[in-house]
1. Considering only residues that are farther than 30 Å from residue B:99 by Cβ and surrounded by 24 or more Cβ atoms within 10 Å (Cβ to Cβ), which ones fall in segment A:131-157?
2. Regarding residue A:359, is this residue crowded, with 23+ Cβ neighbours inside 10 Å, in a helix (DSSP H, G or I), over 17 Å from the mean Cα position of the chain (by Cα) and touching a residue at least 12 places away in the same chain (Cβ under 8 Å)?
3. Looking at the structure I just gave you, is residue A:270 under 29 Å from residue B:24 (Cβ atoms) and surrounded by fewer than 23 Cβ atoms within 10 Å (Cβ to Cβ)?
4. Within segment A:467-491, can you find the residues that are away from every other protein chain (no Cβ under 14 Å), surrounded by fewer than 20 Cβ atoms within 10 Å (Cβ to Cβ) and touching a residue at least 40 places away in the same chain (Cβ under 8 Å)?
5. So, in segment A:550-569, how many residues would count as being surrounded by 15 or more Cβ atoms within 10 Å (Cβ to Cβ), more than 9 Å from every other protein chain (Cβ to nearest Cβ) and over 16 Å from residue A:213 (Cα atoms)?
6. If only one of A:236, A:196, A:229 is more than 18 Å from residue A:280 (Cβ to Cβ) and part of a helix (DSSP H, G or I), which one is it?
7. Within segment B:137-160, work out how many residues are at the interface with another protein chain (Cβ under 7 Å from one of its Cβ atoms), outside any loop (DSSP other than H, G, I, E, B) and buried (at least 20 other Cβ atoms within 10 Å of the Cβ).
8. Let me confirm something: among B:69, B:121, B:125, B:135, which residue is touching a strand residue (DSSP E or B) at 6+ places or on another chain (Cβ under 8 Å) and within 22 Å of residue A:151 (Cβ to Cβ)?
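Rule-based calculations on the coordinates, nothing more; no lab input. Keep in mind the model is a prediction, meaning the values are calculated, not measured. Cβ sites come from the backbone with ideal geometry, for glycine too, and all protein chains shown count toward neighbours.
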């Protein structure tokens, strides 16, 4: 027994030397291939068009809910809300993530083969056509069902088909990226694969498994029902399928931000990745605990037993562990670098960090705001505490801290090096300054908007609601000032979007030509070795599937077994 | 895999807190019976008006049960029936509600009475109303164009 252990450690040691040599070799692949760059930029363009339109919708919403503004030309509040949710929650995120991931795989595993690139292009066009179909139906007011599209509110079938195409397109594009990583593994047997590519594969794997639930909902429930092929639909089943996807969706947004935090930011500050093994371990934990947790979005629903809800609450909370790992690793990277630059004492290393660099400052503000975001998330997923804030505007405040700040500010920060790298231009000093100002405006606007949403939610104000005085009720009067504050914060955020898009346009077409680095960190010298088991996806897939079966088999069996008469469709907007 | 010393402290503290937190939540749920609303009775949502107790929405005093009052509410786009409820302070109340059409919410603002109403399912929650006052009931799930106008009022009054 001990003999094998020694042999194994020898093998691992040899592997490390080999991968160090390889690291020198791969360091030569500095530039993303122009054809891959074009593919990546196509995704990023769609993403930021969605940002402009979805952000405008957001501005209109906060203005309406302040009670001092009405939408012209008979445009409905909930139509605007659907535009906001679909474009920012689904389109901006998915397209930016794929643009970033394609560039990341190409940069760290090597240029895509023509076949892999073609697969990614097919995925891109499938998603784009799907987006256009759904968007058209929303604009025609045939689909004001919000981005969660809960039945029995029934949208036009083209809306559902469009969303299905977005999902299918994302499977195709995700496969294209994963194939490049598999090729690298084949060409470099027994070696630790490039960290960023590994993370991309984790995210795509999680996304693929998670979207199966929503794909079943759309293809087998919503589409036949909206086409009139079946008359009735099982409401609780459709909601449970949706939420088996809905929480993994938020990790799909978050993990690319974690990629930037783990792999890119250490390089930007001139430091090292604290530990390759810890980074991989936390990604694997995200994959495993992403899907069997959706019932925590359904805590106050009838028809599901409290004990099963509790089991999924426990599984949800497991995410605390990789989150703590991540927080530790990042701040360890920061501290090591700060001390290298001469920072002394308990905290003075902190001042040594490059606060004037937008590529660091924007993601850092995101990390900072992720702390209250995560804390609020623990409240939301708690078995009992959730009852006070469920479906109040507290929840809206929560995910505007997590996705709309931690994730989005990181995406903004990534844009400042990714886009010029891909377009062959450089981030000038002025644009960098503007990036810092943008991040400050964003953090300030979001602090104002999100805090007032949290407080108003604690006072009982519902989410997803147009302005109302609720028949002059006393408690509704206490909500009004917070709604005005949200309009102020929301306006600042809209200004933030305009500044950001100005920088983006400059980086695409007007900034001076040159070489902008795609920063990829290297692992600290004395970091722990990476155990090979972390790259053995077979094991993790088995655990993931087992957990999903444990958490969902009985509740879904029970829902189908006890299902009442199904529902016909309603169009109440 | 070997962890850094400080990382071990950090994780021990974090995971320890997590375990304590989950234990408290679990004891609350299984020992004190404090689960979120999870009733499992179903109903034909197209015939709600004919089926007891929803054929008589309103406040009913009951005896021989663990609670003193049953408050029966029927939700449909975009109102609650009845539009106003009155219960005496200090009484234990069981809220029983369902929807006739789409998904609605039933939230007594500023309290932990908060449940989803879904067509075909009966939602229930039992609580003691211990403070007098007027409590706004709002629909907190998007149900259509009149969603923000969907509300009613619970009046908790002094005992007569």
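1. A:131 - this is the single residue of segment A:131-157 that is farther than 30 Å from residue B:99 by Cβ and surrounded by 24 or more Cβ atoms within 10 Å (Cβ to Cβ).
2. Criteria met by residue A:359.
3. It is false that residue A:270 is under 29 Å from residue B:24 (Cβ atoms) and surrounded by fewer than 23 Cβ atoms within 10 Å (Cβ to Cβ).
4. Scanning segment A:467-491 gives A:484, A:488, A:491.
5. Selection size over segment A:550-569: 1.
6. A:236
7. Count: 4.
8. B:121
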